[in-house]
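Right, one structure below, let's go through it.
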Amino acid sequence: QVQLVESGGGLVQPGGSLRLSCTASGSVFNINAMAWYRQPPGKQREFVAQVTSTGSTNYAGAVEGRFTISRDVTKATMYLQMDLLAPEDTAVYYCNADNTYQNFWGRGTLVTVSS
């Protein structure tokens, strides 16, 4: 079993930056890919970014060039550096991890981009 805890959300102004963290605990050694998803108000959850077990990264078109995903295996922590934030980025951001047969989710952290 894997437990995921997100942190770093908050209120930022348009054009600002924020860094989210996701710390995994439990059976962390079998985790393959990790990813960030988000759910804007009134919308469905959507993919944001992923980092694979080999270190490769993938981004949704809406965030590519502005967001950077990274992973520190020694700390069992994944990060999402968000720059040039816009109101459209307002959402609850969720951490996701898988170990081939199971997917795990954190409870989410709220990011609000507003002036």
Report task. Assess whether Arg38 counts as being of a type outside the set (S, T, N, Q), on the phi < 0 side of the Ramachandran plot and open to solvent by 70 Å² or more (accessible area, probe 1.4 Å). Result -> no
Report task. Filter the stretch 95-115 down to residues that are part of a loop (DSSP other than H, G, I, E, B), touching a helix residue (DSSP H, G or I) at 6+ places or on another chain (Cβ under 9 Å) and either on the phi > 0 side of the Ramachandran plot or of a type in the set (Gly, Ala, Ser) (or both), then give me how many there are. Result -> 3
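Table: residues versus (1) farther than 28 Å from Gly15 by Cα; (2) loosely packed, with under 15 Cβ neighbours inside 10 Å; (3) touching a Lys or Arg at 6+ places or on another chain (Cβ under 6 Å).
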residue	(1), (2), (3)
Asn30	yes, yes, no
Ala49	no, no, no
Ser56	no, yes, no
Val63	no, no, no
Leu85	no, no, no
Report summary line: Listed by range, strands (runs of 3 or more DSSP E) wholly within the stretch 1-92 having at least 2 residues that are in contact (Cβ under 8 Å) with a residue 12 or more places away in the chain and closer than 16 Å to Phe104 by Cβ are 2-7, 18-26, 34-39, 46-51, 77-82
Requested in this report: Check Thr74, Thr109, Thr68 and return the single one that is polar (S, T, N, Q) and in contact with a Phe, Trp or Tyr (Cβ under 6 Å, 6 or more places away or on another chain).
Outcome: Thr109
Requested in this report: Examine the stretch 76-83 for a residue that is touching a Leu at 6+ places or on another chain (Cβ under 9 Å), open to solvent by 10 Å² or more (accessible area, probe 1.4 Å) and not polar (S, T, N, Q), and state whether such a residue exists.
Outcome: yes
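The values are calculated or read from the model by the stated rules, or taken from the named source; none is laboratory data. This structure is a prediction, so every number in the text was calculated from the model and none was measured. Methodologically, a virtual Cβ is constructed for each residue, glycine included, from the backbone with ideal geometry; neighbour enumeration extends over all protein chains shown. Please note that ligands, DNA and RNA were not included when accessible areas were found on the heavy atoms of the full protein model with its side chains. Shrake-Rupley method; radii C 1.70, N 1.55, O 1.52, S 1.80 Å.
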